[in-house]
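Below: the structure, in structure tokens.
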Amino acid sequence: MSDARFGPAALITLDVDLDGEQLRIELPRPPGLLACDWAAHDDWLSLFPEALPDEQRAYWHERMADPGDPLTARALQVIAYDLAEPVYGVPWWAAHRLCMKAAQSWWQFEAWCAANGMDPHADGVPASRLVGACWAWLAGGLEEQKAAAFHRETFEPPAGDLGHEARLARGQAMLARLRSAKAG
């Protein structure tokens, strides 16, 4: 994974083990506003596999279209969530919550950006910077208790989410069940 703390990498790489198959995913960093629109609409499929280069995207589409392949869009969510953090700088659900609030009050967010010297429409603004601006806009000025509550509300995983390892194990178990059902 790339580290976006000191500037986002142009290419995000992720090595995955998908039911024993070793794959390397290489995602060119998507334009910030577009990526934030995906997050605001909880459209993780646009991040993965749709944002991949043609050859990689075709691989995933072929697998999805093959009725004999147990891979489903639901299983892809584990990978999309892993790709989300280097794109947004925060977990998918936090990016979703922050971007959704900015989208719902866009003129207020844009006014905050203008007042703080940031142009969200400027070329090259990464999604992680936009998400950070959403956080600053929403959390700026909150007193300590309200800021702590806002942090919990933003970063708490969705109900039923058991973390990365559990998502990965659940996805692998689902693939194994589907393969055994097809074989039997």
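The values are calculated or read from the model by the stated rules, or taken from the named source; none is laboratory data. None of these values were measured; they are calculated from a predicted model. Cβ placement follows ideal geometry from the backbone for every residue including glycine, while neighbour counts extend to all protein chains displayed.
If residue 42 meets every condition in (1) within 23 Å of residue 157 (Cα to Cα); (2) free of Cβ contacts under 8 Å to residues at least 40 places away in the same chain; (3) assigned to a loop (DSSP other than H, G, I, E, B) apart from one, which number is that one?
Looking at each condition in turn, residue 42 falls short on (2).
Only one of (1) surrounded by 20 or more Cβ atoms within 10 Å (Cβ to Cβ); (2) over 22 Å from residue 97 (Cβ atoms) is not met by residue 29, so which one is it?
Only one criterion is unmet by residue 29, namely (2).
What are the pairs, 6+ residues apart or on separate chains, where a residue within the range 143-157 that is farther than 16 Å from residue 99 by Cβ and modelled with pLDDT of 90 or more has its Cβ under 6 Å from a residue that is assigned to a helix (DSSP H, G or I) and small (Gly, Ala, Ser)?
The qualifying pairs are 147/139.
Of all residues being in contact (Cβ under 8 Å) with a residue 12 or more places away in the chain and among the hydroxyl-bearing types (Ser, Thr, Tyr) in the range 57-111, which is farthest from residue 34 (Cα to Cα)? Just the residue, please.
Looking at residues that are in contact (Cβ under 8 Å) with a residue 12 or more places away in the chain and among the hydroxyl-bearing types (Ser, Thr, Tyr), I get 72.
Report whether or not residue 177 is modelled with pLDDT under 90, among the basic types (Lys, Arg), part of a helix (DSSP H, G or I) and under 21 Å from the mean Cα position of the chain (by Cα). Walk me through how you get there before you give the answer.
Details: modelled with pLDDT under 90: yes; among the basic types (Lys, Arg): yes; part of a helix (DSSP H, G or I): yes; under 21 Å from the mean Cα position of the chain (by Cα): no.
Spelling it out, it is not the case that residue 177 is modelled with pLDDT under 90, among the basic types (Lys, Arg), part of a helix (DSSP H, G or I) and under 21 Å from the mean Cα position of the chain (by Cα).
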